[in-house]
1. Which value, in debye to the nearest 20, describes the size of the charge dipole of the chain about its Cα centre when Lys and Arg Cβ atoms bear +1, Asp and Glu Cβ atoms bear -1, and nothing else is charged?
2. Per the 1.4 Å probe, what fraction of the accessible area of the chain, in percent, lies on carbon and sulfur atoms?
3. Along the Cα→Cβ direction, 7 angstrom out, place labels at THR207 and ARG141. What is the inter-label distance in nm?
4. Quick one: dipole size for the range 129-238, taken about the Cα centre, charges +1 on Lys/Arg Cβ and -1 on Asp/Glu Cβ, in debye to the nearest 20.
5. Please compute the length gained on full extension between ALA113 and GLN230, using 0.36 nm multiplied by the number of residues separating them and subtracting their Cα-Cα distance.
6. Would you work out which of SER67, ALA85, LEU191 lies farthest towards the positive end of the dipole of the chain, given +1 charges on the beta-carbon of Lys and Arg and -1 on that of Asp and Glu, about the Cα centre?
7. So if we plug the beta-carbon distance of VAL172 and ARG16 into 1/(1 + (r/R0)^6) with R0 = 35 Å, what FRET efficiency do we get, rounded to 0.05?
8. In the chain, what % of DSSP beta bridges are antiparallel (nearest 5)?
Amino acid sequence: MSAPRTGRIGTDSVPRAFDDHAPSYDRLVGANPGYHDHLRLSAQRMGLPDHGRGLRLLDLGCGTGASTAALLEVAPEAEIVAVDASAEMLAEARRKTWPPSVRFVHGDAQDLAAAGVTGPFDGILAAYLLRNLPDADAALRSFRDLLRPGAPLAVHEYSVRDSARSRAVWTVVCWTIIIPLGRLRTGRADLYRYLWRSVLRFDGVRTLAERLRRAGFVDVRTQTMTGWQQDVVHTVLGRRLPDPESAPLPPALSELETPPMGLAL
Ligand SMILES: C[S@@+](CC[C@H](N)C(=O)[O-])C[C@H]1O[C@@H](n2cnc3c(N)ncnc32)[C@H](O)[C@@H]1O
């Protein structure tokens, strides 16, 4: 493992910060009720047909593989490419048992071609990634270009900006649980303070949905989670514009029950 990073964490140094925290990451998210269920919910909301048979899926910012496992559960027959820029997070992921259909790649989600990752993909899951990228708009456009026409992107993210209640819940959970627990488990709290700050700074869910539309996604909708994460963690779904002559959208996604935006905030 490389020498611990010093200085304040920013979007340019996030993967390096995750390197330092990789050995404790699974234990910390394991203590967060709903973490794995909610990832699975976002993967389910992608509406992938037929257990993923014949599909090629991309998990961006896969970390130690929690989001990869969620995709695998929902689409066990799919081929899954899972990418992360933190070598240590990937090393934790690779230590687990995976079927041969899952492949882990070390690379930057903003320059996947450089890592040898090329499309087309039948679905992309980006869980807790977008907030950490310096240019989210450019990243979304590049994700869109990797998708087959009509294929879904699920952005699974914290988003609290649109609601005073959500911002308050987030701050209380961070300062009473996440930051103290992170410090206790790892001896340092820099990544967890960055998490708190970065979420407060990040898009509200309406802005995030608009960002997807601006990047060329259609059929954009948002849904939140249950538990303390209600109106704090969201799935923001969109799909690449389908070919005009292609079949209608699969019912799984086109019939998703989406509460009006006001209810989701
Ligand atoms: C909070 S973790 C989420 C991991 C996993 N998706 C999950 O749900 O548990 C965010 C991950 O994004 C990765 N990451 C941050 N910036 C990245 C980038 N530019 N390219 C690829 N991965 C990146 C980090 O290294 C980290 O492993």
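The values are calculated or read from the model by the stated rules, or taken from the named source; none is laboratory data. Here the structure is a predicted model, which is why all the values come from computation and not from measurement. Every residue, glycine among them, receives a Cβ derived from its backbone with ideal geometry; neighbour counts consider all protein chains shown. The accessibility values were calculated without ligands, DNA or RNA, using every heavy atom of the protein model including side chains. Shrake-Rupley method; radii C 1.70, N 1.55, O 1.52, S 1.80 Å.
1. Numbers: 32 positive and 30 negative charges, 170 e Å.
So the dipole magnitude of the chain works out to roughly 820 debye.
2. Working: 6210 of 11520 Å².
Reported share for carbon and sulfur atoms: 54 percent.
3. Placing both labels 7 Å beyond Cα along the Cβ direction yields 2.0 nm.
4. Details: 18 positive and 10 negative charges, 51 e Å.
That gives a dipole near 240 debye.
5. On the way: separation 117, 0.36 × 117 = 42.12 nm, distance 3.58 nm.
Net length gain for the segment: 38.5 nm.
6. Of the candidates, LEU191 comes out farthest on the positive side.
7. Numbers: r = 29 Å, r/R0 = 0.82.
Using R0 = 35 Å, I get an efficiency of 0.75.
8. On the way: 13 of 32 bridges.
So the antiparallel bridges amount to about 40 percent of the total.
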